[in-house]
């Protein structure tokens, strides 16, 4: 196996210690803050060392390459982008504290997602539609490394699905802006230029995300092993289980514990090093 180490600045001592712990035979630099230790063997001490040293790590089969992958499914809020859109919209409605608390509980798996979304959207009733455009223009930022990761994926011919329990107002604009192939999300009901506090149609929850990925995978004739899924919240777990490689990005503990890899310190471009 290759042991991929990523962080702000792994020291020479860190690399030497990890090479010793894993029995690696060769250490190669992949880029700023990223190293590959070849011929490594998994040991529990490696996870413990990396946690103490604020380093991301991942054991990767030596033969795995980005060219082997064909589909990426990625969550939007707090994954592709650095904000939770609904929390920022709620800020303009003066109810951010209440909405953020519900969001946090839902992402930690403490609340049913569909129920939590209805509660949060209900608190936005009466807000002017223009608030959505303000959040997109003034507050939405891509996560670090997002553009580099997407460019490399697209360059490798990988199809990209942006799938979100958030809102189509944002996913559709990001799909166009970033040249993504597909998007799936919820649609806010708007009447007379104001939010009604309701969502149109079926809510895209954990099961909805997984179903969208599964249907697209089957439509395109792509094997599960050739799919990457990236998420941060409990409502991403079912989707991530439909992928051959699952990656938790700045994720809640319940997600980190179940994903194949976790990126807590590297940016989204760190995903590429898991296929280098």
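The values are calculated or read from the model by the stated rules, or taken from the named source; none is laboratory data. Only a predicted model underlies this, so the values are computations on that prediction, with no experimental measurement involved. Counting neighbours? That spans all protein chains shown, and the Cβs are built from the backbone with ideal geometry, glycine included.
Remarks
- Extreme residue, modelled with the lowest pLDDT, among residues of region 192-232 that are more than 23 Å from residue 149 (Cβ to Cβ), part of a loop (DSSP other than H, G, I, E, B) and touching a helix residue (DSSP H, G or I) at 6+ places or on another chain (Cβ under 7 Å): 202
- Leading residue by the ranking (surrounded by the most Cβ atoms within 10 Å (Cβ to Cβ)) among those in region 234-258 that are under 14 Å from residue 59 (Cα atoms) and within 11 Å of the chain's Cα centre (by Cα): 247
- Some residue of region 161-174 being farther than 27 Å from residue 93 by Cα and crowded, with 22+ Cβ neighbours inside 10 Å: yes
- Checklist (1) crowded, with 22+ Cβ neighbours inside 10 Å; (2) within 19 Å of the chain's Cα centre (by Cα); (3) in a helix (DSSP H, G or I) applied to residue 132, failing item: (2)
- Hits in region 9-50 - residues which are within 19 Å of residue 61 (Cβ to Cβ) and without any contact (Cβ under 8 Å) to a residue 12 or more places away in the chain: 28, 47
- Qualifying residue in region 179-191 (condition: surrounded by 16 or more Cβ atoms within 10 Å (Cβ to Cβ), touching a strand residue (DSSP E or B) at 6+ places or on another chain (Cβ under 8 Å) and part of a helix (DSSP H, G or I)): no
- Residue selected from region 263-276 under the condition surrounded by 23 or more Cβ atoms within 10 Å (Cβ to Cβ) and touching a helix residue (DSSP H, G or I) at 6+ places or on another chain (Cβ under 7 Å), by the criterion nearest to residue 66 (Cα to Cα): 271
- Taken over region 62-83, the residue count meeting the criterion of being free of Cβ contacts under 8 Å to residues at least 40 places away in the same chain and crowded, with 18+ Cβ neighbours inside 10 Å is 0.
- Count of region 120-129 residues which are surrounded by 17 or more Cβ atoms within 10 Å (Cβ to Cβ), under 26 Å from residue 254 (Cβ atoms) and over 22 Å from the mean Cα position of the chain (by Cα): 2
- For residue 73: the one exception among (1) touching a strand residue (DSSP E or B) at 6+ places or on another chain (Cβ under 8 Å); (2) under 23 Å from residue 228 (Cβ atoms); (3) assigned to a helix (DSSP H, G or I): (3)
- Between 145, 58, 109, the distinction of being surrounded by 14 or more Cβ atoms within 10 Å (Cβ to Cβ), within 20 Å of residue 262 (Cα to Cα) and modelled with pLDDT under 95 belongs to 109 only.
- Test: residue in region 91-105 that is assigned to a helix (DSSP H, G or I) and touching a strand residue (DSSP E or B) at 6+ places or on another chain (Cβ under 7 Å): no
- Residue 67 out of contact with any helix residue (DSSP H, G or I) (no Cβ under 6 Å at 6 or more places or on another chain), part of a loop (DSSP other than H, G, I, E, B) and more than 30 Å from residue 194 (Cβ to Cβ): no
- Lone qualifier among 231, 221, 179, 193 - being at positive phi and under 20 Å from the mean Cα position of the chain (by Cα): 179
- With respect to the conditions (1) in contact with a helix residue (DSSP H, G or I) (Cβ under 8 Å, 6 or more places away or on another chain); (2) more than 18 Å from residue 85 (Cα to Cα), residue 170 falls short on a single one, namely (2).
- Conditions (1) more than 30 Å from residue 137 (Cβ to Cβ); (2) touching a helix residue (DSSP H, G or I) at 6+ places or on another chain (Cβ under 8 Å); (3) free of Cβ contacts under 8 Å to residues at least 40 places away in the same chain; (4) surrounded by fewer than 21 Cβ atoms within 10 Å (Cβ to Cβ): number failed by residue 96: (1)
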